[in-house]
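Contents: one structure, followed by commentary.
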Amino acid sequence: MISPRTRSLVLLAGILVITAVAYGPVLSNQFTNWDDTTYVLENPTLGDFSPGNLARIFSRYTMGNYHPLSLLSLSLDHRIGGTDPFVYHRTSLLLHGLCTALVLLLARDLIGGWIAPALCALIFGVHPLHVESVAWVSARKDLLYACFYFAAC
């Protein structure tokens, strides 16, 4: 007999695999010519975690937007992979997977059982509404917001 914990982990793994298959093609994407150039390729603050640079990240607007956590996340990706778009898209896909797992846990707390919460998480995971947030590097702020939101709930 399978324990409830094992069953829930297998269910979560299945949902995450289906989500990864649905969104996996983003891993071969390049940067867009909209905001990615300014946010990533031409951004002098990425990759430098010195106190002065962190102060700049938390005190300046980028393209009229203030979202330092997004820039910190992009900066970490830049530190890991430079300007390799695969690194940025992998992080976005992982963040979307985390959001999907958090939706499963939230739905489990709200609804109970596993069937309906699993269906909620699966729909959230593969829904095309999230394509922009996952496929566009500059939309990292949406993924981070969703992670913090679902974790807080």
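Of note:
- Put simply, the convex hull of the Cα atoms in the chain casts, on average, a shadow of 10.2 nm².
- Solvent-accessible ranking of H89, H78, H127, H67, largest area first, probe 1.4 Å: H127, H78, H67, H89
- Counting only heavy atoms of the protein chains and using a 1.4 Å probe, S133 has close to 20 Å² of accessible surface.
- Applying 1/(1 + (r/R0)^6) with r as the Cβ-Cβ distance of D109 and I18 and R0 = 22 angstrom yields a FRET efficiency of 0.50.
- Nearest-10 value in Å² for the accessible area of D48, using the 1.4 Å probe: 60
- For W114, W136, W34, the ranking by accessible surface with the largest value first comes to W34, W114, W136, using a 1.4 Å probe.
- Largest accessible area first, the listed residues L12, L104, L129, L119 line up as L129, L119, L12, L104 when surface is computed with a 1.4 Å probe on the assembled protein chains.
- Phi-derived couplings, Karplus 6.51 cos²θ - 1.76 cosθ + 1.60 at θ = phi - 60°, listed residue by residue for segment 68-75: x, 5, 5, 5, 5, 5, 5, 5 Hz, with x used for Gly and Pro.
- In Hz, Karplus ³J(HN,Hα) per residue of segment 104-110 (6.51, -1.76, 1.60; θ = phi - 60°; x = Gly, Pro): 4, 5, 5, 5, 4, 5, 7
- For T62, the residues 5 or more places off, or on other chains, whose built amide H falls under 5 Å of its own are H67.
- Shape call, segment 18-64: gyration tensor on alpha carbons, a/c limit 1.5: prolate
The values are calculated or read from the model by the stated rules, or taken from the named source; none is laboratory data. What you see is a predicted model, and the numbers here were worked out from it, not measured in a lab. Ideal geometry is used to build each Cβ from the backbone, glycine not excepted, and the neighbour counts take in all protein chains shown. Side chains are part of the model used for accessible areas, which takes the heavy atoms of the whole protein and leaves out ligands, DNA and RNA. Shrake-Rupley method; radii C 1.70, N 1.55, O 1.52, S 1.80 Å.
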